[in-house]
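Just below is one structure, and these are the notes that go with it.
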Amino acid sequence: MAIYLTLVLIVLNHIAFGGSRVVVSLFALESGATQMQVGILMALYAVCPMLFAIAIGRLADRVGPRLPMLLGSAGLLVALLLTAIWPALTTLYIAAFLMGSSFHFFFVTVTGIAGGIGGPQHRSRNYALVSLAFSGAGFIGPLIGGFAIDYLGHVEAFMILASFTIIPVLMLWLRPGFLPGAAKLPGAAASGGVMELWRAPRLRNTFIASGFISAAWDLFNFYLPVYGHGIGLSASAIGIILGVFALATFVIRAALPWLLKHSSEAQILVYAIFVAAFAFILFPFFENPYALCAVSFLLGLGVGCGQPMSMSLIYSLAPEGRASEAAGLRVTVNNVTHLVIPLLFGTMGTAFGYAPVWYANSVLLGIGGWLVRRAASPLGGRRGRA
């Protein structure tokens with residue numbers, strides 16, 4: 001039951017967070033913001049996770065998940081209400097930073113504790129369910145935000161999104177007993193700096209591979225519209241291709257519990273990464289939108305599977321009592337790649353054309369798959385310690 005209550009929190013909070021990104025950007029444009037100003041707003045969402053995710057993870061390990069998850073949920077509620085009460089461009093800057101910061105108090109903590117709910121035998125299943133919840137909510141949130149704007153208005157959209165965080169706040173405040181407590185470890189078992197985690201070869205390889213998978217996801221969403229525009233596809237065709245990709249990530253995450261009955265998480269992750277790498281190789285060969293939909297679906301199966309399996313591996317490899325800190329380091333590495341990879345490949349595409357971008361990302365994913373094989377061996381699917 002605990003994992004399903006946790007999924008309720010994830011879905012409701014992520015609907016609010018995912019919807020906010022759409023409403024904030026559209027309201028900013030409606031208020032006269034330039035594209036650069038909208039870019040700054042979106043960057044403010046990522047400032048906190050890049051800088052403070054590790055500290056958030058340490059807090060969760062030390063005091064337990066309830067406080068950081070409650071702070072995250074309440075922060076989302078306050079930020080969304082702030083934009084509804086004072087709807088102005090200046091308020092959006094404050095709200096964007098607060099929402100990015102608040103959500104990652106929740107996100108880092110919940111990804112750190114999910115593996116331990118119900119015992120280690122349920123670790124992989126839990127992460128599959130968690131990723132499915134994030135994927136489904138990530139699809140629903142923008143839809144709610146967009147329809148609310150069209151039929152009610154921007155202020156009302158912020159208020160509707162804020163309402164989704166009320167139940168998580170009340171659950172975490174009044175009935176938090178379903179959450180695990182803080183780690184109770186003797187001596188200095190949970191001590192050590194973040195570099196101790198980074199120096200552990202298996203953990204480091206998995207962090208890097210997770211960053212490459214996350215970067216591949218971001219690169220596709222960033223570069224597919226550029227590629228589609230360059231080959232003359234319509235905006236609706238590009239949107240459909242992106243939608244097919246999102247559908248594939250949902251499908252593979254729904255199938256993960258079945259896959260885990262037949263293979264270990266490490267094996268699934270390696271296969272998924274190489275499937276995604278192969279998909280990137282295929283993109284430059286096609287301009288037909290139907291063919292690109294098929295390739296995008298293949299890519300979605302790979303990267304959609306990669307994220308939950310990398311979370312599960314990191315949990316299994318983290319030292320006792322430091323799972324949330326390890327989750328925080330994963331978020332930090334992912335956000336560094338979010339910043340660097342699009343800039344790098346955007347520059348590469350400008351200088352050399354489309355094909356090298358797809359091929360280079362395929363190579364990065366291949367390296368990631370090799371690193372995961374090294375990270376998983378000789379542990380396989382067992383609960384291990386770095």
* Answer yes if at least one residue in the stretch 234-243 is surrounded by 18 or more Cβ atoms within 10 Å (Cβ to Cβ) and either not in a helix (DSSP H, G or I) or not aliphatic (A, V, I, L, M) (or both), and no otherwise. => no
* **Number of positions in the stretch 1-17 that are over 18 Å from Ala74 (Cβ atoms) and crowded, with 22+ Cβ neighbours inside 10 Å** => 0
* Given the conditions (1) open to solvent by 10 Å² or more (accessible area, probe 1.4 Å); (2) over 24 Å from Ala326 (Cβ atoms); (3) in contact with a helix residue (DSSP H, G or I) (Cβ under 6 Å, 6 or more places away or on another chain), report the number of the one that Leu132 does not fulfil. => (2)
* To do: Please tell me if Ala28 is among the aliphatic types (A, V, I, L, M) and surrounded by 19 or more Cβ atoms within 10 Å (Cβ to Cβ).
  => yes
* Asked: Yes or no: Phe280 closer than 21 Å to Gly366 by Cβ, surrounded by fewer than 17 Cβ atoms within 10 Å (Cβ to Cβ) and modelled with pLDDT of 80 or more?
  -> no
* Structure fact -> Counting only residues that are assigned to a helix (DSSP H, G or I), surrounded by 11 or more Cβ atoms within 10 Å (Cβ to Cβ) and modelled with pLDDT of 75 or more, the stretch 169-196 contains a total of 6
* Being of a type in the set (Ser, Thr, Tyr), at pLDDT 70 or above, assigned to a helix (DSSP H, G or I) and over 30 Å from Val110 (Cβ atoms) narrows it down to one of Ser362, Ser324, Ser316, so name that one. => Ser362
* To do: Scan the stretch 86-101 and give yes if some residue there is within 16 Å of His14 (Cβ to Cβ), at pLDDT below 90 and not acidic (Asp, Glu), otherwise no.
  => yes
* Any chance the stretch 259-268 includes a residue that's open to solvent by 40 Å² or more (accessible area, probe 1.4 Å) and small (Gly, Ala, Ser)? -> no
* To do: Go through the stretch 37-82 and count every residue that is closer than 20 Å to Pro168 by Cα and among the polar types (S, T, N, Q).
  => 1
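The values are calculated or read from the model by the stated rules, or taken from the named source; none is laboratory data. Everything quoted here is computed from the prediction, not taken from an experiment. So basically every Cβ, Gly included, is an ideal-geometry build from the backbone, and we count neighbours across all protein chains shown. These accessible areas exclude ligands, DNA and RNA; they are computed on the full protein's heavy atoms, side chains included. Shrake-Rupley method; radii C 1.70, N 1.55, O 1.52, S 1.80 Å.
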